Structures are given as structure tokens and as C-alpha cells.
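Working notes, structure below.
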Amino acid sequence: MSGVCKQALRSLHPGMQNAFVIGVIVNSFNMKTIDATRTRYNNGDRGVWTFTLRDSEEDSINVTVWGSEQFIRRLSSNFRIGNVVEVINPKVLERRPDDRSEIFVPSVSSACSLTVNEGNALVQIHDAPTRAKYEPLLMLPIKKLTGLRTLKCIFENLEALRDQYVDVLVVVTFISDVRNVMTRDGRSIKFRTFEAVDGSTDKAVSLMLWENEWIERAASWEPKRIVLLLVDARVAYDNFRKKIVLSIVRKTMITENPDIPQCTAMRNTILQYCNNDIMSENFVTPNPDTITSVMTIQQISEKLNKKPKQGERIQFATILKAYVMDMNVESLSPAILLTRWFVCSLFSPPSKVIADNQDSCMNLECPSGNGTRVPLNVMSLNFKVNLKDNTGYLIGCRLFGDVAERVLGCTANEFQAMILPQRTELKWRLALEKCDVRLHVLGPTATFPNAIYNILSICRIQEDDDTEDTEDNELINNFVSNDY
């Protein structure tokens with residue numbers, strides 16, 4: 001292999017000899033094994049591994065490595081996304097647009113592809129100071145983003161977009177554990193699901209990761225903090241879910257926290273509606289203004305009682321027209337006022353509730369906990385609300401934090417200073433009134449065995465007396481006479 005010379009990806013042409021390229025691995029597929037009986041010379045099982053390489057903001061190429069199963073297994077496990085590598089003496093082949101294999105690899109800028117054959121070419125780590133210029137390429141979009149779509153647009157046009165590829169920017173809100181599924185030919189393969197939102201709609205998209213590299217990388221994703229750019233995600237019919245969905249496929253390129261202005265803006269948009277709540281780490285609070293679905297309590301219950309598909313969980317937002325039957329603002333329980341470490345929440349959210357006998361954080365990674373900053377604790381309102389409509393009850397809905405302050409018209413500190421009659425007066429601003437209640441509903445999980453009904457807003461519905469429902473009037477009269 002003497003005589004190889006370094007080439008930029010943009011300078012490659014089909015048939016080039018002694019090529020030598022350097023770049024950062026931005027995508028990697030699971031290796032595949034080919035049975036020896038299917039190979040030309042029947043000389044043992046073969047393996048194949050494909051990855052995507054990039055050496056500049058504009059230039060990228062797909063690389064396919066062939067060899068013995070042992071060689072490919074070792075190579076694919078030694079090189080990871082983010083590694084800067086040298087590809088020495090590969091075959092430089094022309095890409096053909098009509099080649100069916102093109103739909104199973106990411107779209108790249110190069111008109112060529114590289115093939116590495118065991119014994120004739122090499123892939124090795126580029127261990128030199130110049131690797132620093134390649135590493136930032138991992139956070140740049142693989143192409144110009146001229147057609148980003150919102151989830152709202154995709155959800156509203158699923159049929160029209162069917163079998164098309166779309167680019168979308170989302171914030172991860174939930175990551176599942178790794179699961180296994182058996183294929184029809186008896187193989188056990190791993191997958192991991194995650195949920196994501198973009199603030200354009202109250203709905204979250206559920207996506208599956210099948211490639212081992214991305215399954216492992218997802219383990220370190222921090223919900224609400226990790227933004228993903230999905231280039232060439234596919235809108236297609238899912239036989240497993242029996243509906244048209246947005247999916248991550250082999251052609252999809254994932255960029256974590258891409259270095260684009262939209263990334264920070266989207267993360268801030270999502271965080272704007274998230275309470276610093278010990279439960280909110282498991283889901284992201286949607287913008288109540290994006291909620292359009294109207295449901296009854298019976299419909300909410302029916303949806304919660306449906307068994308979710310493997311890898312999915314029940315989570316939705318809805319508008320409920322219901323009466324506020326009770327609110328525990330008169331409770332003597334200390335749980336209605338929660339004190340949290342404010343500074344800690346800025347460094348390792350969500351912030352945690354502190355005990356009465358603690359006045360600062362015990363987390364040494366927090367500036368307040370390690371003594372470099374004065375402790376600063378904040379108080380939050382935390383109420384339980386019971387709702388009723390013609391179809392049933394919802395008991396123990398959560399009214400928390402800033403939402404509770406807006407609904408009651410007072411801060412947590414002002415509420416703490418109130419005497420009981422003043423708190424009772426707050427309650428009767430909404431009690432037995434029919435309201436527009438925006439709810440975020442999370443089905444039972446391993447962490448929280450009971451469904452969570454998170455109230456995002458409550459607004460009284462102004463109705464004339466003659467339009468009041470007779471059954472509701474009777475219900476309220478009985479409620480007042482029996483309990484008040």
C-alpha cells in the first residue's frame with residue numbers, strides 16, 4: 001500500500017487508486033453476518049459494516065467494510081460515532097441513483113462511495129492533533145436545512161406525506177429502557193424507544209432506535225436538554241402499530257444538539273412550560289395553547305385503560321369541560337407548600353424537595369451544596385383538585401407551581417401568609433364552577449403506578465343560567481347540601 005496520498009472527500013472520483021481519506025464517523029450501522037453457504041467461495045461466514053464519514057461542513061460519504069465475521073465484529077465494536085479515522089486504500093466506486101441500496105444509507109454529498117475489503121484496505125484511528133478540526137463536524141447538519149417540518153405539520157398531513165422523507169428538529173422528553181424483540185427467523189434484536197416534542201403541538205412523537213450505537217448513546221440523553229435533528233425521517237405505515245407514523249429508518253441521519261440557532265430556541269421553548277417538579281422529569285409539559293382535543297372523563301378513562309403497544313406509553317393532553325368539585329387549599333398538610341433548592345435546579349434539574357430541617361442543598365455538585373454560593377430556596381404551591389363532568393370523576397388532579405399561582409392569583413409566599421378564611425375564599429373562586437381545564441395525562445409507569453393528571457390551566461366558562469345542564473345542577477345542589 002505504498003504510495004497512498006491523502007485526499008479530501010470532494011476530490012474523490014470513481015476508480016481512484018491509493019486513496020487515503022480522514023474524517024469523523026457521524027453514523028454507524030449494526031454489522032450484518034452473511035451465512036457461508038451464501039458466499040461465493042463458501043469459506044466461512046462473512047460480515048459487513050457500513051458507516052458515514054465526514055471531513056468538512058459540506059462533504060460526507062458512506063463507507064462499507066467487508067471481511068470475515070470476526071474481522072467485522074472487531075472493527076465495528078472498536079470504532080464509534082465521533083471517532084476520527086483514516087480510511088486507507090479503499091475502492092472508490094460511483095454511486096448510482098437507481099441502486100436500491102441507496103435507500104438503506106444516509107444521503108451524502110459525495111458522488112462516490114468507499115468499499116474497504118479485509119486485507120486490501122485499512123480503517124484506523126487518526127491519532128494526531130489535526131483530529132480537533134474534524135470533531136466539531138459531528139454537531140453540524142449533514143445538509144442545508146431548507147425544508148424543516150414541524151410535528152404539527154406532519155401529524156396533520158400523515159396521509160399526504162406517506163412514504164416521504166422529512167427533516168424535523170425535536171426535543172427528547174422520555175427515553176425507555178432497552179428492550180428485546182424476536183424476529184420471524186428467531187433472532188433476538190435490541191431496540192429502545194424515545195419520545196420527543198417540538199412545541200408546535202401538544203402531541204409527542206414516539207420513535208424507535210434499532211442501531212446499537214444509537215441505543216447506547218441514548219442512554220446518556222437528558223430529557224428536555226437533548227435536541228435531535230432528524231434528517232430523512234420517514235413517514236410510512238407501521239405494521240406493528242397499525243397506523244401511519246414518523247419513523248427513524250436506516251436512511252435517517254441523527255445529529256445530537258446540532259450547532260444551529262433553532263436548537264437553543266427550541267430547547268428554551270420546551271423548558272418554558274416545564275415546572276421544576278420532581279415528577280416532571282418523566283414528561284415534558286406541553287404549551288396549553290396548542291391543545292385542541294376535547295374529551296370527557298369517560299373518554300380519558302377509556303384511553304388510559306387501553307394496553308399500550310410494546311415500547312410505547314400512554315401520554316396525551318386534552319381539554320376537559322368539568323366542574324371543580326374540591327381543591328385542598330384549606331388543608332393543614334405541609335405538602336401543599338413545597339420548598340426546593342433553586343440554585344441546584346439550574347445545574348442538575350429537576351430540583352428536589354427539601355425537608356423542614358434542611359436549609360440548603362446536600363448535592364456537592366451544586367454551588368449551594370458545596371458552599372460556593374449562598375443557599376437560595378424557593379417555595380411552590382402543590383394542590384389536589386377533584387373534577388366532575390356528566391361521565392365521571394377525576395380525583396387528585398395536580399395543580400402545581402406557576403400554574404397554581406396563576407389560577408389562584410397569588411404567589412406561594414402570599415398564600416403561606418394567609419389565614420384559613422382567606423384560603424377558603426380562594427377556593428370558592430372556582431369551587432362548583434364549570435371550567436375549561438387543560439390537562440396533561442400520563443398513564444401508569446414503573447415509576448408512577450397511578451395515572452397523573454397534571455393541570456396546565458383552569459378557566460371559568462361563562463354560561464347563562466338557562467343553558468346549564470339539569471343533571472349538573474342537581475349534582476351541585478346535592479353536593480352542597482351533603483358536604484357544605
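The values are calculated or read from the model by the stated rules, or taken from the named source; none is laboratory data. Note that the coordinates shown come from a computational prediction; the quantities given were computed from them, not determined experimentally. Note that we place each Cβ from the backbone using ideal geometry, even for glycine, and neighbour counts take in every protein chain shown.
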Number of positions in the range 220-255 that are more than 28 Å from Arg162 (Cβ to Cβ) and either under 12 Å from the mean Cα position of the chain (by Cα) or assigned by TED's automatic domain parsing to the domain that holds Ser76 (or both): 6
Sole exception among (1) in a strand (DSSP E or B); (2) in contact with a Phe, Trp or Tyr (Cβ under 9 Å, 6 or more places away or on another chain); (3) more than 24 Å from Pro288 (Cα to Cα) for Leu246, by number: (3)
Residue among Leu145, Leu114, Leu122, Leu161 that alone is of a type outside the set (Gly, Ala, Ser), under 30 Å from Ile314 (Cα atoms) and either in contact (Cβ under 8 Å) with a residue 12 or more places away in the chain or surrounded by 15 or more Cβ atoms within 10 Å (Cβ to Cβ) (or both): Leu161
Criterion: modelled with pLDDT of 95 or more, surrounded by 12 or more Cβ atoms within 10 Å (Cβ to Cβ) and not in a strand (DSSP E or B) - qualifying residue of Ile25, Ile81: Ile81
Residue that is surrounded by the fewest Cβ atoms within 10 Å (Cβ to Cβ), among those in the range 185-213 that are modelled with pLDDT of 90 or more and more than 28 Å from Glu156 (Cβ to Cβ): Lys190
Residue within the range 170-184 that is over 15 Å from Arg313 (Cα atoms), crowded, with 21+ Cβ neighbours inside 10 Å and either in contact (Cβ under 8 Å) with a residue 12 or more places away in the chain or in contact with a Pro (Cβ under 8 Å, 6 or more places away or on another chain) (or both) present: yes
